[in-house]
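Each remark here refers to the structure printed beneath this line.
The values are calculated or read from the model by the stated rules, or taken from the named source; none is laboratory data. Please read these numbers as outputs of a predicted model, since none were measured by experiment. All Cβ positions, glycine included, derive from the backbone under ideal geometry; neighbour counts span all protein chains shown. Remember, those area values only see protein heavy atoms, side chains included, never the ligands or the DNA or RNA. Shrake-Rupley method; radii C 1.70, N 1.55, O 1.52, S 1.80 Å.
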Amino acid sequence: MTKKELRAQMIEQLKNQSRTVKTQRDQQLVSNFIELETYKKARTLATYLAFPFEFDTSLLIEQAQKDGKRIVVPKTYGKGKMVFVSYNAADLEMNAFGLKEPRSNQTVAKSDIDLIHVPGLAFNNMGYRLGFGGGYYDRYLADFAGSTVSTAYPFQMLDFEPDYFDIPVKEVLQYGEL
Ligand code: ADP
Ligand code: MG
């Protein structure tokens with residue numbers, strides 16, 4: 001299967017996940033996430049604003065704000081460029097992908113981010129990921145020195161060959177783990 005076919009199949013499966021099961025898994029994933037040493041140590045946490053069929057990052061954002069973390073989320077530009085900007089629920093706009101992103105251009109330096117929660121459609125057991133096809137995270141993570149973690153539902157763990165430019169995440173947190 002090509003990456004493109006796999007993406008379509010994974011989006012289909014994500015959309016078919018029952019809401020009840022998804023909510024349980026999301027809550028469990030957040031509980032597991034906040035137990036990570038990399039989370040506990042992080043002062044600045046990068047996460048993302050997700051599609052409804054993805055892991056519900058709003059649960060993580062809410063918890064991380066309670067824990068006193070600075071939250072940063074992606075802002076994209078053409079040509080595969082992405083930066084992270086401080087999350088402010090009152091200053092978001094819709095981007096070309098149909099996702100909300102910060103209106104502000106105030107970029108937080110890569111070296112100031114301690115932990116990046118990386119989105120993905122599928123992951124292999126080496127942490128290689130299938131993204132949405134823009135290659136944004138492969139570019140961003142190529143010279144990122146901090147920690148990376150993704151959250152995955154059981155059916156998102158797959159065996160596939162990465163491309164030479166793919167950058168793996170250091171940890172994939174799976175539902176039911178820990
Ligand atoms: P995704 O990671 O979102 O699943 P791909 O891995 O298929 O998407 O990457 C999408 C495109 O991004 C590829 O065609 C690739 O050429 C480009 N790309 C990935 N990493 C880099 C990089 N470090 N520099 C320039 N282009 C890159
Ligand atoms: Mg890739």
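I'm trying to understand the selection: among the residues of segment 153-178, which are under 24 Å from residue 15 (Cβ atoms), within 15 Å of ligand 1 (Cβ to nearest atom) and part of a loop (DSSP other than H, G, I, E, B)?
158, 160, 169
Determine which single condition residue 96 fails, assuming it passes every other condition in (1) over 21 Å from residue 70 (Cα atoms); (2) at pLDDT 95 or above; (3) among the aliphatic types (A, V, I, L, M).
Only one criterion in (1) over 21 Å from residue 70 (Cα atoms); (2) at pLDDT 95 or above; (3) among the aliphatic types (A, V, I, L, M) is unmet by residue 96, namely (2).
Would you mention how many residues in segment 1-28 are open to solvent by 70 Å² or more (accessible area, probe 1.4 Å) and of a type in the set (Lys, Arg)?
Of the residues in that region, 3 qualify.
Taking residue 112, is it within 16 Å of ligand 1 (Cβ to nearest atom), modelled with pLDDT of 95 or more and either surrounded by fewer than 17 Cβ atoms within 10 Å (Cβ to Cβ) or within 15 Å of the chain's Cα centre (by Cα) (or both)?
no
I'd like to know if segment 29-44 contains one or more residues that are within 16 Å of ligand 1 (Cβ to nearest atom) and open to solvent by less than 30 Å² (accessible area, probe 1.4 Å).
no
With the requirement that a residue be charged (D, E, K, R) and either open to solvent by less than 40 Å² (accessible area, probe 1.4 Å) or touching a Leu at 6+ places or on another chain (Cβ under 6 Å) (or both), what does segment 74-109 give you?
Scanning segment 74-109 gives 75, 100, 101.
Collect the residues in segment 125-177 that are touching a Ser or Thr at 6+ places or on another chain (Cβ under 8 Å), among the hydrophobic types (A, V, I, L, M, F, W, C) and open to solvent by 40 Å² or more (accessible area, probe 1.4 Å), keeping them in residue-number order.
145
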